[in-house]
Amino acid sequence: MTTDVSLTCIDCGDIFPFTVKDQEYFREHNYSTPVRCRSCRAKRRQLRAASEDRGVDAQPAAQQPATAGVRIVCSGCGQDAEVPFQPRTDRPVYCRACYEAHKSKRAS
Ligand SMILES: [Zn+2]
Ligand SMILES: [Zn+2]
């Protein structure tokens, strides 16, 4: 038989009740036992939402081509080069000159 239990919040150290109703709800949704009190959970949700907002705003700046240069060794000529994207490890990566040469070769 299920009874109300008291749990200790890992954030603020407060004892908070984990009621039978809560336990049923958590079991129904396959949640694990909560480790934070209600107010700390709400606080964390707010924090996460806020940081996600910031993350979206920060992304365009982080993807500026000027800062996105990745050093590679060209698979065509073996020279050091910089590409504006993260190259795939399972594909050869070419410097601009070799890339253009490959592209035009394939096109013709
Ligand atoms: Zn708390
Ligand atoms: Zn090259």
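Every read-out reported here was derived from the displayed coordinates using simple, explicitly stated rules and does not represent laboratory data. Note that this is a predicted model, so its numbers are computed, not measured.
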Requested in this report: Under 30 Å Cα to Cα from K43, which lysines show up? Leave out anything in the same chain fewer than 8 places away.
Outcome: K21
**Report entry** Difference of contour (0.36 nm per residue) and Cα-Cα distance, R41 to K21
**Finding:** 5.4 nm
